[in-house]
Each structure stands twice: as structure tokens, then as C-alpha cells.
1. Rg (Å, one decimal) plus Dmax (Å, integer) for the alpha carbons of the chain?
2. Dipole size in debye (nearest 20) for the chain around its Cα centre, Lys and Arg Cβ +1, Asp and Glu Cβ -1?
3. To the nearest 10 degrees, how steeply does helix 57-79 sit against the main Cα axis of the chain, on a 0 to 90 scale?
4. For region 151-156, in order, what is each residue's ³J(HN,Hα) by Karplus, 6.51 cos²θ - 1.76 cosθ + 1.60 with θ = phi - 60°, in whole Hz (x at glycine and Pro)?
5. Any chance you could check the Cα centroid distance between region 58-121 and region 124-150 for me, in angstrom?
6. Once you have the Cα-Cα distance between W10 and K145, take 0.36 nm times their residue separation minus that, and quote the gain in nm to one decimal.
7. Going by how many other Cβ atoms sit within 10 Å of their own, how do F116, F73 line up, fewest first?
8. What number of lysine-lysine pairs in the chain show an alpha-carbon separation below 24 angstrom, given a sequence spacing of 8 or more or placement on distinct chains?
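No value in this document is a laboratory result; all are computed from the given coordinates. Since the model is a prediction, treat every value here as computed from it, not as a measurement. Glycine gets a Cβ as well: all are built from the backbone with ideal geometry, and neighbour counts include every protein chain shown.
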Amino acid sequence: MSNHSAVIQWQRKSSKFTDGQYSRVHEWSFDGGATVQASSSPHVVKIPFSDPTCVDPEEGFIASLSSCHMLFFLGLASKAGYLVDSYTDSAEGHMSKNELSKIALTSVTLRPKVIFSGSKQMTASAFQSLHHEAHESCFLASSVKTEIRVEGTWEQPQP
């Protein structure tokens, strides 16, 4: 198949480190050249040792699941002849104890709002079917134990 990579880089700088009083800010670098500032979540490590303006691993996880689902949904919609104008997902993850009593992202809810145009009219059942197939096709959804729910809405102005 294929390999994917990311370089995660952190530096101590001037902190003592062994006292736990060090910055968790680091960088995620990807093979295409994008670099993202990352940090622990301020819900996990308090400010100033985390930076809420950075992406935290939990947000990255949720965004990855949402992005994977969206890309499969768009491909399926295109193949089925639907004209998608926009897709906006306000995804949210919920952390709680899993079946092993470990804190985990136990569920992610995707809330895509999709706007269609064109002559082919979307129906509620076709919309649900496309989301179901996108979920079943998503590599990341197939890779995790996290429950993933889709609560999508759609609009299509009448031609």
C-alpha cells in the first residue's frame, strides 16, 4: 500500500525539565511542507505549559477523522452525480473512561452541513446512505475503536 509520515519536534530550551515545568509546545511537520504548531491541551496540562492557540493531539485526531470522512463523502457524492457547493463539519470529541477505565476519546460526533446545487435533487435517504458509505470507506474510522456518529444536515435550493 502506502506509507505516511510526520515529523514531531520538541526542544527543551531553557527549562529545567525534571521539575515538570516545561513547555509542551512543539511542531508537526508533514511531507508536503506544512508545519503546524502543536501543544498539549490546556485541559490536560495547564497554561503556561500548554498553549491553547496550538493544535492539540485530541483536536488533530478529531480533525483527521472528520477530514477522512469528508473526502470519501465528496468522492461518493461526485460519483453519484450530486453537485456539492460546500461542506462544513463542526466535529466534536468526547473524552471519558473506556472499557479498560483509561481516559480516551470514546466518541466523535461529525456534524457536517452540506450544501448542494444542480439539477440532481438530494433526498434524506440518499444523504444518509452517502454518509454511511463514507464512514465504511474511511481508513481512519476503520483504524480506531472510537465510536463515530454522523449528525449531518443538508440544503439544496430549488432550481
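1. Rg then Dmax for the chain, in Å: 19.2, 65.
2. Details: 13 positive and 16 negative charges, 66 e Å.
For this selection, approximately 320 debye.
3. Here the helix axis deviates by roughly 20 degrees.
4. 10, x, 10, 9, 9, 8
5. 8 Å
6. Details: separation 135, 0.36 × 135 = 48.60 nm, distance 2.84 nm.
Between W10 and K145, full extension yields an extra 45.8 nm.
7. Details: F116 19, F73 26.
With the fewest neighbours first, F116, F73 line up as F116, F73.
8. Values: K13/K46; K16/K46; K46/K97; K46/K102; K79/K113; K79/K120; K97/K145; K102/K145.
Taking the chain as the scope, the lysine pair count is 8.
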